[in-house]
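The values are calculated or read from the model by the stated rules, or taken from the named source; none is laboratory data. Every value quoted in this text rests on a predicted model; they were computed, and no experiment measured them. FYI the Cβ positions are ideal-geometry reconstructions off the backbone, even for glycines, and counts take in every protein chain you see.
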Amino acid sequence: MGLEELKLKTREMAAEMNAVILAHNYQRPEIQDVADFVGDSLDLAMKAYRTKADYILFCGVDFMAETAAVLNPDKKVLMPDVAARCPMAGMLPREAVVEAKKKHPDAAVVLYINTLAEAKAEADIVCTSANALRVVKAQPNRKILFGPDENLAYFVQKHLPEKKIIPVPAHGFCVVHKSMLLKGEFDLMKAEHPDAVIFAHPECNPDVQDMADFVLSTNGMVEKARELPNKEFIIGTEQGLAYRLRKENPGKKFYVVDTAVCVNMKKHTLEKAYNALRDRKPMITVPENIAEKVRIATERMLNLTI
Ligand code: SF4
């Protein structure tokens, strides 16, 4: 079956079974094309929260599908490939959070949405890269246990000096943003395109964040690229976002680091997405004793955001 026919069949299947397809900004172009909504973690969590669909096909990584399942205990959450796991989320086991809480009983626990449900159940509140500043600022505590991304912790600390941010674990990271989006790449791109505006994701290293014109979540980048009159942009995040940026801004140029690929996000293919709908599996579930706690921490975030 050709790609266009498969896209059509996927859409038909989704309509037949009242399924909503949610795709992260880093997904393959053909998956973005069949999705009802393409967005970042926050946007997709909100879409999952509000959906009236019976099924959610989540094309993203493990913690995102878990969030959708937690927010929708009465809906069925499918994922094209369960091997799409975020290594950063795997860096923060529940025990590490429990240990940190014992050491810092006066701290609020703010965990990035890129955390697995078991650890997130220990959080007071969840945040995303789009709302981390707002969420941390809203905590009455000065001390904040923040994890798992050390670079996002740097971003929050830089903007909220009145808070004491304690990263948990000490050096959690996203392999794409930390190791594949290095300052030297941006120096080269800037030398080649001196008029380009630089966007960096807060998962990027501090030296990249510091040289960027704007530090933004992926949806923040989409909005800012639309708003600004500039014609050229250097994009400091996973290269999949370029597809959406180019599609929505045909008159503008976007330069990305082509090697900055999240292999986990790319585990989903259109064929696997179609098969997941057809077979009603693999299904993502979270045990209710954990889901209940994660729901509270996630709803606290959504209430601050919506
Ligand atoms: S891009 Fe980084 S944070 Fe996002 S899913 Fe991939 S490894 Fe995880």
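Descriptive notes on the structure:
- Out of Glu271, Glu232, Glu238, one residue alone is over 24 Å from Ala130 (Cα atoms) and not hydrophobic (A, V, I, L, M, F, W, C). It is Glu271.
- Restricting attention to segment 72-109, the residues that are acidic (Asp, Glu) and over 30 Å from Thr269 (Cα atoms) add up to 3.
- When Phe199, Phe214 are checked against the criterion of being crowded, with 21+ Cβ neighbours inside 10 Å and either in contact with a Phe, Trp or Tyr (Cβ under 7 Å, 6 or more places away or on another chain) or not assigned by TED's automatic domain parsing to the domain that holds Asp43 (or both), a single residue qualifies: Phe199.
- Residue that is nearest to the ligand (Cβ to nearest atom), among those in segment 196-224 that are over 18 Å from the mean Cα position of the chain (by Cα) and in a loop (DSSP other than H, G, I, E, B): Ala212
- Among the residues making up segment 225-272, those that are part of a helix (DSSP H, G or I), more than 16 Å from the ligand (Cβ to nearest atom) and aliphatic (A, V, I, L, M) are Ala225, Leu245, Leu270.
- Residues (assigned to a loop (DSSP other than H, G, I, E, B), loosely packed, with under 15 Cβ neighbours inside 10 Å and more than 16 Å from the ligand (Cβ to nearest atom)) located in segment 154-195: Pro161, Glu162, Ala170, Pro194, Asp195
- Those residues of segment 38-59 which are farther than 17 Å from Ala276 by Cβ and of a type outside the set (Gly, Ala, Ser), in sequence order: Val38, Asp40, Leu42, Asp43, Met46, Lys47, Tyr49, Arg50, Lys52
- Here Lys101 meets each of (1) assigned by TED's automatic domain parsing to the domain that holds Glu66; (2) more than 30 Å from Lys281 (Cα to Cα); (3) basic (Lys, Arg) with one exception, condition (1).
- Of Ala119, Ala108, all but one fail to be within 17 Å of Pro287 (Cα to Cα), out of contact with any Cys (no Cβ under 9 Å at 6 or more places or on another chain), crowded, with 19+ Cβ neighbours inside 10 Å and at pLDDT 95 or above; the exception is Ala119.
- Some residue of segment 268-288 being surrounded by fewer than 17 Cβ atoms within 10 Å (Cβ to Cβ) and farther than 26 Å from Val34 by Cα: yes
- No other residue among Pro206, Pro202, Pro194 is farther than 30 Å from Asp74 by Cα and in contact with a Ser or Thr (Cβ under 6 Å, 6 or more places away or on another chain) apart from Pro202.
- Residue match in segment 64-76 (condition: of a type in the set (Val, Ile, Thr) and under 19 Å from Ala291 (Cβ atoms)): yes
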